[in-house]
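A quick write-up on the structure given underneath.
Rule-based calculations on the coordinates, nothing more; no lab input. Model, not experiment: these values are computed from the prediction. Reconstructed Cβ throughout: ideal geometry from the backbone, glycine too, with neighbour counts over all protein chains shown.
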Amino acid sequence: MDDQPEAAVPEPLDRRAELSEFLRTRRAKLQPQDVGLPEFGRHRRVPGLRREELAQLAGVSVAYYTRLEQGNGRNVSAEVLDAIARALRLTDAEHAHLNHLARPARHKKKRRPAKTQRVRTGLLYLLDSMEGIPAYVAGARSDILAWNPMAAAVFGDWAALPTAERNWARLVFLSPAYRDLFLNWDSKASDMVSYLRLYAGCHPDDPQLSALVGELSLRSEEFRLLWATHNVKEKGHGTKLIRHPLVGDLTLSYETLNLPDDEDQQLVTYHAEPGSESAQALRLLASWGADAGRADVTGGGVRGAADER
């Protein structure tokens, strides 16, 4: 039997390049008047603040800031990063991302193989017990790890997909069905990329992340453009507008709960305002059970987290 060539391992993200582009894009978003600086001249050669203006605001030398923006964050202090974050008016998520890029945790030289993501049995039972509430567990790189029947009724038959395809980023950017499902698709897409960017800052050596980003960059111009913005955002809470093929438009609020025993896993739940038409529609979907998922939201029927056990 002939030896088969080993599959190429995707190159990790370049942390120095990530730091450089992140700082540059944050600086480009600010104008002198935004930070109380006088604006001299109408024609500025660069968008946003100049490096010397940012250095002045942060209280560091221009040469020091220039080295940092060129990706050389070695030995930078937390105090300096805090000052730069204040000068750039970073959000908490952006501030954390800057720290991850500039002061990475020490890693062993030998890259460890990616571990299989598993959901605790107790959490699977919890999902099944949440009747009438769409809920799922998301993992690293926006992978969909487990879900309950109501999540399948709303979002479609994830069980019919290969495991590798159960990923929010792939579904949002590569599945036409999800463009129709989310009425605010642009917002969903932007949020999705921002979550991946934040994950990338913590795990730049993740080969599966590199492969995912590479695939989406090749297959989706929209992803490629959003990835280049270097926006970062934490998952939290908010509202999604969904056009379901069976019950019509739904306005659902979501809550994201970080799991204490796995920093990469999150429990995401959806609910409708009590007494609203959306709440009535969810009850209708719940009464239909498995038949609701066969409306072909993503191409198949409904199955829940129990199929993952």
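Ranked highest first by the average count of other Cβ atoms within 10 Å around their residues, in what order do 136-142, 202-208 fall? Before the final figure, lay out the partial values.
Values: 136-142: 22.7, 202-208: 16.7.
Descending mean neighbour count gives 136-142, 202-208.
Do any of LYS29/LYS233; LYS188/LYS235; LYS115/LYS233; LYS115/LYS188 go past 20 Å between their Cα atoms, and which? Walk me through the numbers before you get to the answer.
Numbers: LYS29/LYS233 16 Å; LYS188/LYS235 11 Å; LYS115/LYS233 25 Å; LYS115/LYS188 28 Å.
Long pairs (Cα-Cα over 20 Å): LYS115/LYS233; LYS115/LYS188.
How large is Rg over Rh for the stretch 121-308, taking Rg from the Cα atoms and Rh as the Kirkwood inverse mean of 1/r across Cα pairs?
Values: Rg = 15.9 Å, Rh = 16.8 Å.
The Rg/Rh ratio comes out at 0.95.
Bins of 10 Å, beginning at zero and ending with the bin holding the largest distance: percent of Cα pairs per bin for the stretch 15-102, please.
17, 56, 23, 3
Might you report the magnitude of the Cβ-based charge dipole of the stretch 154-281 about its Cα centre, with Lys and Arg at +1 and Asp and Glu at -1, to the nearest 20 debye? Each step should come with its number before you reach the end.
Details: 11 positive and 19 negative charges, 77 e Å.
I would put it at about 360 debye.
Using 0.36 nm per residue of separation minus the Cα-Cα distance, give me the extension gain between GLN31 and THR66 in nm, one decimal.
Full-extension gain reported as 10.8 nm.
Can you compute the modelled spin-label distance between ARG74 and ASN184, with each label point 7 Å from Cα toward Cβ, in nm?
Result: 4.5 nm between the two label points.
Residues of the stretch 168-186 with amide nitrogen under 12 Å from the 7 Å Cα-to-Cβ point of ASP249?
What the label zone holds, given the 12 Å backbone N cut-off, is 183-184.
Could you point to the residue in GLY73, VAL62, PRO47 farthest towards the positive end of the stretch 42-95's charge dipole, with +1 and -1 charges on the Cβ of Lys/Arg and Asp/Glu respectively?
Highest projection toward the positive end goes to PRO47.
What is the local net charge at ASP264, summed over the other residues whose Cβ is closer than 12 Å to its Cβ (Lys, Arg +1; Asp, Glu -1)?
Details: positive: LYS115, ARG118, ARG141, LYS235; negative: ASP143, ASP206, ASP261, ASP262, GLU263.
Counting the neighbours of ASP264, the net charge comes to -1.
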